[in-house]
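The values are calculated or read from the model by the stated rules, or taken from the named source; none is laboratory data. Keep in mind the model is a prediction, meaning the values are calculated, not measured. Ideal geometry is used to build each Cβ from the backbone, glycine not excepted, and the neighbour counts take in all protein chains shown. Ligands, DNA and RNA are excluded from the accessible area calculation, which covers all protein heavy atoms including side chains. Shrake-Rupley method; radii C 1.70, N 1.55, O 1.52, S 1.80 Å.
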Amino acid sequence: MITDELYSTYQSNLLAGSRSVCSHIVTDLIHSNIPIKELYIHLFQRSLYEVGTLWERNKISVATEHMCTAITESLINLCYPAIFSANHTGQKAVITCTPGEYHQIGARMVADHFELHGWDGYYLGSNTPTDELIKFTMEKQPDLLAISISVSFNIPSLMALVKKIRSHFSDLKILVGGQGFRWSGADEFQTMGNIHLITSLDELEQKFLIPRRHDT
Amino acid sequence: MTPEANPHLIDYLILESSMICLIIGKDGTILKANSCADSLSGHKLEGHPLNDFFVDFGRALDLTVFLNGSRDKILVNISTSSELPETYYFRFFDLGNSILALGEANRQEIGFLRKNMLELNQELNNLTRELLKKNVELKKLNDLKNQFLGIAAHDLRNPIGIIMTYSNFILEELNHEMTDAQITMLNTIQTTSEFMLRLLEELLDINALESGKLRLEAHKTDLLGLVRTNTSMMNVIAAKKNIHIQVESYETIPEVIIDRGKIEQVLNNLISNAVKFSLPGTTVTVKLFLTGDHVTVAVVDQGPGIPANETDRLFKPFQRTSVKATAGEKSTGLGLSIVRNIILGHHGKIWVESKVGVGSAFYFSLPLSS
């Protein structure tokens, strides 16, 4: 269980760049069989949201923000043996960031959640060129495509990407989400067909990953 | 306006600026350094020669180069307290009796490097993710392979056993009614089926070991006694090749807690391998000695030896070396892998020392305490 005390030890070490202490905390939690989702939401996500807030308020430098993200990405690797062990359902999702979006950790956590639920989560990373994404999607024929933006400046880029995708895949289910929608931008996507705005990992899980009774 | 015309500007540069600011005498001595320069270098620069701060890779810096009247920035590598040199862009100004040197980092270059580092880090993490995913998939496939192997080996064992028994029966009972050619064929059937049965049994062993099903029934055992019994049995086989097996032990070996059957399997394998690869007229020596809190067993032969580049893969399944058995004996390529797993299961160690043209020594050590 992630107590407030444990969280604050983790967070202060993350901000200080003490990767090894953070790594011990995460390893201990994994060994205690904590659900991976809890680790993602109550440790990684919570701490990165806090780091983002500190950056926005000029409490930490952009270099510190990048260091915290880099450390967190390496800590997420520790969870993979558990994540990839799920039995596969045969469903496929492609997860990506828009061109120009360099914050990839949110998309990566989404891809990992698909894997955790037995999907094949094909994760393409940050700043994916549109043509490459279309080529990859044609090749894999996924059940859905998830696109993440972390900064709101990338909403126009997302809009352009979605239109391009639609012109190639008229029926493909598209999920959009990420911190880029924190303040605005959601309305523009609500009216488009078969596009779903996802605001949290919980919502993603409830609406798309946990099989409903009539699906089974 | 020159810096000299504005003493406040000099004071600011010397005390507070995040630029490197040095006032240098014409002889190359640093007359004054600001706090930025001092903290970067890790010590007070005042009074030191400029060459102590500027990394010139062995060449003496020529101040006249800096004072050629050009206003261009000069790229200089400086030594820092972090032991990693840093690159600064310097401008030099002639102040009459001294020189003012102002150095600043190239923000664009740092930004570019940082962006590249971030991208490389992301790429590394994404590749790690893919690698770990593939690892889990490979593990699942390996488990499936073991399961399949177990079923196949188990189901094939009985029919091969029947082939072996019946061929043996025909050879013994109907020998007088057969031609020499028929007897040769039946002998081939028998030796081949024996080899297949051994292969299947070793596959079942590997399967059990890889699936973590190694069950040890450990009891206090007289290891030296076990070695002597095993050696005397193996001497019968070795005698056919005119090879002698001897045991050497010059100290009291305490009882060890081991699975007798499994360690016997280890001894059988190592000694029969030694016999297999030895030439007639040579000796195989089995040595027992104490090493700290372990007892070590060494099986030493006078065979052809194993090339150094082949010893690493000896204990992996299905690996064979370029060394050939001296009487054409067959090998499944699984024995040493099984042996290694049995020894590791006893918390022991196994290794080999070999020299081409001299021979090989296979060692295993077992803890004296449980």
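Mind grabbing the accessible area of B:Met19 for me, 1.4 Å probe, Å², rounded to tens?
That residue has around 50 Å² of solvent-accessible surface.
Looking at the range A:92-215 from every direction and averaging, what is the projected area of its Cα convex hull in nm²?
Projected over every direction and averaged, the Cα hull of the range A:92-215 covers 7.0 nm².
Using only the Cα atoms of the protein assembly as shown, each taken as one equal point scatterer with no solvent, compute I(q) by the Debye sum, divide by I(0), and report log10 of the ratio at q = 0.10, 0.11 Å⁻¹.
Taken in order of the listed q values, log10 I(q)/I(0) reads -1.01, -1.05.
For the range A:99-105, what does the Karplus curve 6.51 cos²θ - 1.76 cosθ + 1.60, with θ = phi - 60°, yield as ³J(HN,Hα) per residue in whole Hz, taken in order and with x for Gly and Pro?
x, x, 9, 9, 8, 10, 5
Could you go through the range A:187-199 in sequence order and give the Karplus-derived ³J(HN,Hα) for each residue, using 6.51 cos²θ - 1.76 cosθ + 1.60 with θ = phi - 60°, rounded to whole Hz, and x for Gly and Pro?
Here the 3J(HN,Hα) series is 4, 4, 9, 5, 7, 7, x, 6, 10, 10, 8, 10, 9 Hz.
Which far-off residues, 5 or more places away or on another chain, put their amide H under 5 Å from the one on B:Thr282, with H placed in the peptide plane?
When sequence neighbours closer than 5 places are left aside, the close amide H contacts are B:His244.
From other protein chains only, count the Cβ atoms within 10 Å of every residue's Cβ in B:121-127, then give the mean.
6
Would you mind calculating the gained length between B:Asp180 and B:Tyr89 on full extension (0.36 nm times residue separation, minus the Cα-Cα distance), in nm to one decimal?
Length gained between B:Asp180 and B:Tyr89: 23.3 nm.
To the nearest 10 degrees, how steeply does helix B:335-345 sit against the main Cα axis of chain B, on a 0 to 90 scale?
The two axes meet at around 70 degrees.
Angle, helix B:107-173 long axis vs. longest principal axis of chain B, Cα atoms, 0 to 90°, nearest 10?
Between helix and principal axis, roughly 0 degrees.
Rg/Rh for the range B:111-210 to two decimals, with Rh computed the Kirkwood way over all alpha-carbon pairs.
Taking Rh as the inverse mean 1/r over Cα pairs, Rg/Rh reads 1.49.
Would you calculate a helix-derived [θ] at 222 nm for chain B, using -39,500 (n - 2.57) for each DSSP H run of n ≥ 4 and dividing by the full residue count, to the nearest 500?
Computed ellipticity for chain B at 222 nm equals -15000 deg cm²/dmol.
At R0 = 60 Å, how high is the FRET efficiency between B:Leu204 and B:Asp27 if r is their beta carbon distance? Nearest 0.05 is fine.
It comes out at approximately 0.10.
With axes computed from alpha carbons, what is the tilt in degrees of helix A:130-140 against the longest principal axis of chain A, rounded to the nearest 10 within 0 to 90?
The angle comes out at about 80 degrees.
Projecting each Cα onto the charge dipole of the protein assembly as shown (Lys/Arg +1, Asp/Glu -1 at the beta carbon, about the Cα centre), which of B:Asn125, A:Trp55, A:Phe114 comes out farthest on the positive side?
A:Phe114
When chain B is treated as a GNM, springs tying every alpha-carbon pair under 10 Å, which of B:Ser41, B:Ser360, B:Ser337 comes out with the largest mean-square fluctuation?
B:Ser41
Can you classify chain A as rounded, prolate or oblate using the Cα gyration tensor, where a ≥ b ≥ c are the square roots of its eigenvalues, rounded means a/c under 1.5, and otherwise it's prolate if a/b beats b/c and oblate if not?
Cα axes put chain A in the oblate bin.
Between B:His176, B:His346, B:His294, where does the largest GNM mean-square fluctuation fall for chain B, given springs only between Cα atoms within less than 10 Å?
It is B:His176.
If you scale each eigenvalue of the Cα gyration tensor by 5 and take the root, what three semi-axes come out for the range A:8-99, rounded to whole angstrom and sorted largest first?
25, 18, 10
Based on the Cβ-Cβ distance from B:Gln147 to B:Lys324, what FRET efficiency comes out when R0 is 22 Å, to the nearest 0.05?
E between B:Gln147 and B:Lys324, to the nearest 0.05, is 0.05.
Given axes a ≥ b ≥ c from the Cα gyration tensor, I'd like to know whether the range B:200-306 is rounded (a/c under 1.5), prolate (a/b larger than b/c) or oblate.
Verdict is oblate for the range B:200-306.
Kirkwood hydrodynamic radius of chain B from all distinct Cα pairs, in Å?
28.0 Å
Once label points are set 7 Å from the Cα along Cα→Cβ at both A:Thr199 and B:Asn121, what is their separation, rounded to one decimal in nm?
Once both label points are built, they end up 3.1 nm from each other.
Go through A:Lys92/A:Lys207; A:Lys135/A:Lys163; A:Lys59/B:Lys44; B:Lys139/B:Lys349 and tell me which ones have a Cα-Cα distance over 22 Å in this structure.
The answer is A:Lys59/B:Lys44; B:Lys139/B:Lys349.
Can you give the relative contact order of the range B:238-370 as a percent, counting alpha carbon pairs under 8 Å and 6+ residues apart?
Relative CO of the range B:238-370 lands at 29 percent.
Given a Förster radius of 22 Å and the C-beta distance between B:Ser39 and A:Val21 as r, what FRET efficiency does 1/(1 + (r/R0)^6) yield to the nearest 0.05?
Working from the Cβ atoms, E equals 0.20.
If amide hydrogens are placed 1.01 Å from N in the peptide plane, which non-local residues have theirs closer than 5 Å to the one on B:His294?
Under 5 Å from the amide H of B:His294: B:Leu368.
Can you sort B:Val297, B:Val247 by solvent-accessible area, 1.4 Å probe, largest first?
Result, largest first: B:Val247, B:Val297.
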